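The values are calculated or read from the model by the stated rules, or taken from the named source; none is laboratory data. As the structure is a prediction and not an experimental result, all values here were calculated from the model. Reconstructed Cβ throughout: ideal geometry from the backbone, glycine too, with neighbour counts over all protein chains shown. Surface areas here come from the heavy atoms of the whole protein model, side chains and all, with no ligands, DNA or RNA. Shrake-Rupley method; radii C 1.70, N 1.55, O 1.52, S 1.80 Å.
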Amino acid sequence: MSHNLYINHSARAYRCRSGISTDTSCNFEFSYSTTLAFHRKFFSSYPQTPLINLPTLAEELGVKHLLVKFEGERYGLPAFKILGASWATCTVLAQRLGVDLERISDLKEFRDLLDAEDKKENRTKPVLYSSTEGNHGRAVARTANLLGLQAKIYVPDSVSELSREAIRSEGAEVVIVQGDYDDAVRIASKDAGIDKDRSILIQDTAWEGYEEIPNLIVQGYSTMFAEIDEQLATSNIPSPSLVVVPVGVGSLAHSAVRYYRRSSSFPGSSNPSSSPKSSSSSSSSILTVEPKQASCLNTSLHAGHPVIVRTSHNIMPGLTCGTVSSTAFPDLLGGVDLSIVVDDDDDGQVVKAMKDLKELGVNAGPCGAASLAGVRGLKKTDLEKGNGNLDEDMVVVLICTEGDG
């Protein structure tokens, strides 16, 4: 079993400076209530995803409560990614239209505005470009479909035909890249740049010169954490002591850090009606989990600077990324308390986590089950080294990012 545990004892004192995109063209005031309200209006026919209390696992790990935020049924898709893809896409399109997204009543009204604008200007609608290992690309394709737009999704040749067909089922064109995820990102970006007037690149990883949309995606993911606060409060359970987040390029972990490490000047932080349970921002620790075969964040945290790693095949394709997002890393370095690596080659720990969760009624996919494998690895290091990262008073929330199938 691989752990390679990283610990930052000062992480809970870290504060993010702002939740607003670094790009000055993104000139709206962001707060957590804004994204929450957007998702509830645009996806009003869907309930929030469940937060499932699993006392059997809490007893196993020696904590007071263990809950799983199950994202396997998010707005009709088997993963959380549409939270970021929809928010980023609609925000950028609203900017182009010159309309206030908060004043749009629902998805149909927004699509009608897009149709009317395109007829008035007599131009072709935008085309969404993205690259993916599966779930993000399908979320972009679904968003395009809902808005009446075309999408071109670039996938590494290692992505299964089943995943490719799932993306095509949303009406998108799938472009197969001979290479890995990072190669797909580069080629999608290059092709989108050829037709700048029509194309919008919706990518969840950032690099120099491409930062606004990844920041918007990070903002979109915050709905998940706001829901967790509401659900815990409804159940009379305290704020999370530990939130466990699987990591690919680091955008979801970045959203967790921004949410739980927000400063008092952060928009939406001081007003309880804007942020469901603002006290959680100072009390929650964050554990990130990655495959040994693609541990770009864990390696970078140990080094103190971004490190590109070679990736290899494993059962967690959605986490198989070799480069951490450039805009995410500074906040991850400051705000992540713990980082651990799981290796399915040794003892099938992720497969076991999937099996155990399914027996408890949680149909987790491998990337989602990585959270349980990671916290079990943390418990093992506690026993081996006498650390006290888990204790009987803790409330642990596992982010299960995807369902199985």
What is the spin-label model distance, in nm, from SER263 to TYR46 if the labels are put 7 Å beyond Cα along the C-beta direction? 3.4 nm
DSSP-assigned coil residues among chymotrypsin sites (Phe, Trp or Tyr not before Pro) in the range 69-119, each with at most 16 further Cβ atoms within 10 Å: none
Amide H contacts of VAL324 (H built 1.01 Å from N, under 5 Å, at least 5 apart or other chain): VAL307
If exposed means GluC sites (Glu not before Pro) lying in a DSSP loop and surrounded by at most 15 other beta carbons within 10 Å, then the longest stretch of the chain lacking such sites spans residues 209-391
What part of the accessible area of the range 82-208, given as a whole %, is carbon or sulfur when the probe is 1.4 angstrom? 45 percent
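Work out the length of the dipole vector of the chain about its Cα centre, built from +1 on the beta-carbon of each Lys and Arg and -1 on the beta-carbon of each Asp and Glu, and round it to the nearest 20 debye.
Working: 39 positive and 51 negative charges, 143 e Å.
That gives a dipole near 680 debye.
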Once you sort the root eigenvalues of the Cα gyration tensor of the range 342-404 as a ≥ b ≥ c, which label holds: rounded (a/c under 1.5), prolate (a/b larger than b/c) or oblate (the other case)? oblate
Listed residues SER163, SER251, SER131, most fluctuating in the chain (Gaussian network, C-alpha, under 10 Å): SER163
Given charges at Cβ of Lys, Arg, Asp, Glu: the chain dipole, positive-most of ILE213, ILE176, HIS3: ILE213
For the chain, give me the percentage of DSSP beta bridges that are antiparallel, rounded to the nearest 5 percent. 20 percent
Report the charge-dipole magnitude of the range 82-208 in Debye, nearest 20, computed about the Cα centre from +1 at each Lys and Arg Cβ and -1 at each Asp and Glu Cβ. 380 debye
Once a ≥ b ≥ c are taken as the square roots of the eigenvalues of the Cα gyration tensor of the chain, is the result rounded (a/c under 1.5), prolate (a/b larger than b/c) or oblate (a/b not larger than b/c)? prolate
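Mind checking the range 306-361 for trypsin sites (Lys or Arg not before Pro) that DSSP puts in a loop (not H, G, I, E or B) and that have at most 12 other Cβ atoms within 10 Å?
Those satisfying the criteria are ARG310.
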Solvent-accessible area of THR89, probe 1.4 Å, all protein chains present, reported in Å² to the nearest ten, please. 0 Å²
Need one number: nm distance between label points at GLU230 and VAL351, each 7 Å from Cα along Cα→Cβ, rounded to one decimal. 3.9 nm
Given a 1.4 Å probe and the protein chains all in place, what does the accessible area of ASP404 round to, in Å² to the nearest 10? 70 Å²
Asserting the computed 222 nm helical MRE of the chain (DSSP H runs at least 4 long, -39500 (n - 2.57) per run, divided by residue count, to nearest 500) equals -13000 deg cm²/dmol
What's the center-to-center distance, using Cα atoms, between the range 156-224 and the range 380-403 in Å? 33 Å
Non-local amide H neighbours of ARG262 (under 5 Å, H modeled in plane, Pro and chain starts lacking H): which ones? CYS16
Label ASN387 and ARG123 with points 7 Å out from Cα along Cα→Cβ: what is the distance between them in nm? 5.2 nm
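Only Cα pairs under 8 Å and at least 6 apart count here; give the relative contact order of the range 82-208 as a rounded whole percent.
27 percent
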Probe 1.4 Å, all chains present, heavy atoms only: ARG40 accessible area in Å², nearest 10, is 110 Å²
